[in-house]
1. What's the long-distance tail for the range 88-222, i.e. % of Cα pairs beyond 27 Å?
2. Per 10 Å bin, what percent of the C-alpha pairs of the range 7-173 does each bin hold, from zero upward?
3. How much length would be gained if the chain were fully extended between residue 154 and residue 247, taking 0.36 nm per residue of separation minus their Cα-Cα distance, in nm to one decimal?
4. Once you keep just the Cα pairs under 8 angstrom separated by 6 or more residues, what percentage relative contact order results for the chain?
5. Roughly speaking, what is the stretch gain from residue 287 to residue 370, that is 0.36 nm per residue apart minus the C-alpha to C-alpha distance, in nm to one decimal?
6. Within the range 369-383, name every residue whose backbone N is under 17 Å away from a label modeled 7 Å from Cα of residue 206 along the Cβ vector.
7. Convert 37 °C to kelvin, take the viscosity as 0.692 mPa s, use the Kirkwood radius over C-alpha pairs of the chain as Rh, and evaluate the Stokes-Einstein diffusion coefficient in µm²/s, rounded to a whole number.
8. Under Stokes-Einstein, with the Kirkwood radius over Cα pairs standing in for Rh, what whole-number D in µm²/s applies to the range 320-378 at 37 °C and 0.692 mPa s?
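The numbers here are math on the coordinates, done by the rules we state, and not lab data. Here the structure is a predicted model, which is why all the values come from computation and not from measurement. Positions of Cβ are generated from backbone atoms using ideal geometry, with glycine treated the same way; all protein chains shown enter the neighbour counts.
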Amino acid sequence: MAKIKTVKDVNLAGKRVFVRVDYNVPFDEKGNVSDDTRIAASLPTLRYLIEQGAKVILASHLGRPKGQVNPKYSLKPVVPVLSNLLGKPVAFAEDCVGPKAEEAVAAMKDGDVLLLENVRFHPEEEKNDPAFAAQMAKLADAFVNDAFGSAHRAHASTAGVAKDLPIRVAGFLIEKELKFLGEATANPQRPFVAILGGAKVSDKIMVIDSLLDKCDALIVGGAMAYTFFLAQGKPTGSSLTEPDKVDLAKKALAKAQEKGVQLLLPVDNVITDKVDFANAQVGEVKDAEVIPEGWQGVDIGPKSIALFSEEIAKAKTVLWNGPMGIFEIKACSKGTFSIAEAVAKNKDAISIIGGGDSVKAIKKSGYADQVSFISTGGGASLEFLEGKELPGVAVLQTV
Ligand code: AMP
């Protein structure tokens, strides 16, 4: 993969820089930002641009306003939070294109920061409308993409805007994502152990295929494992399975064998006779090697935890995406949290948490600060690991 240029490779002094950030943050019932993690994560890039004397124009989406102006999805409440974190004033433009945005940009001095209103207030954003993208591009001399979580979408603010701008580079967040997800998995320190879990094989079959070309061992847990059980002719009771994906699971098993990749499936399971998602409750719970009729696999069992943990302990590179069970319910969470512990405890390995629910799980387990890298993009990290080109990265210049 060609190396992408970053903000450090270009001169941005005095330039108007359109920075695509990810400020898709949660709010409390009073309308205040309830978790500023994503805003804080953008600070290194913003501080660098301010130091360089750039005019920093920030654009982001927030929620799904469906192309309509809706105050509920306004980015305005981000202004005081960002201003506080940066220790300097942040201006706000009530639109991301047109006279309001243009006037706000014209008033900027070098080192100033301006936040534009939610790009998704315009239906043209998600359609990647060229005229709309050109209106955004008109505001700036350069494009910096630092929103990895949106980089798999070809939208106007993530890709289209860059088309006519001569400078198109990555911010520090995207640089870090590409370093860990890209370099660490393309040229991994071996053994490279990949752990996949979650609900569906269909969401991750491409990733399975791509990882089987790279890893030394592939651990499969979560409901996904039960489609593999079907492929092996094992009973799955009423577990969540995808019978129409059994052929794909068979192909993956054959590929693993052909490539000499160890494919590890659960050897025992936590099973229950009832799952009540709405009330986060389960019925009777027990450990079983075979899932009987009327019972459902909801987590990996103790022997599987030991087997998987032993494999993880030997790794020099670990990539984890997807929980081992219904970790949202306490009675089905031990497998996922034990795997989080095993990943965190291997201090000799580069450990990468690949976005989505595994990020929630590692945070909930208390081991988040003991892994090498946590990806900020669920869908984006999966598409990247599948080997797909991300539109928001493809538009950036290479060294
Ligand atoms: P994904 O988005 O594919 O990573 O799937 C995450 C979801 O998979 C979580 O909400 C888990 O509750 C769910 N999940 C994991 N294991 C199981 C299982 N054995 N049965 C049902 N759902 C599961």
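1. 40
2. It works out to 11, 45, 38, 7, 0, in whole percents.
3. 30.3 nm
4. 16
5. 26.9 nm
6. 377-383
7. 146
8. Estimated diffusion coefficient is 295 µm²/s.
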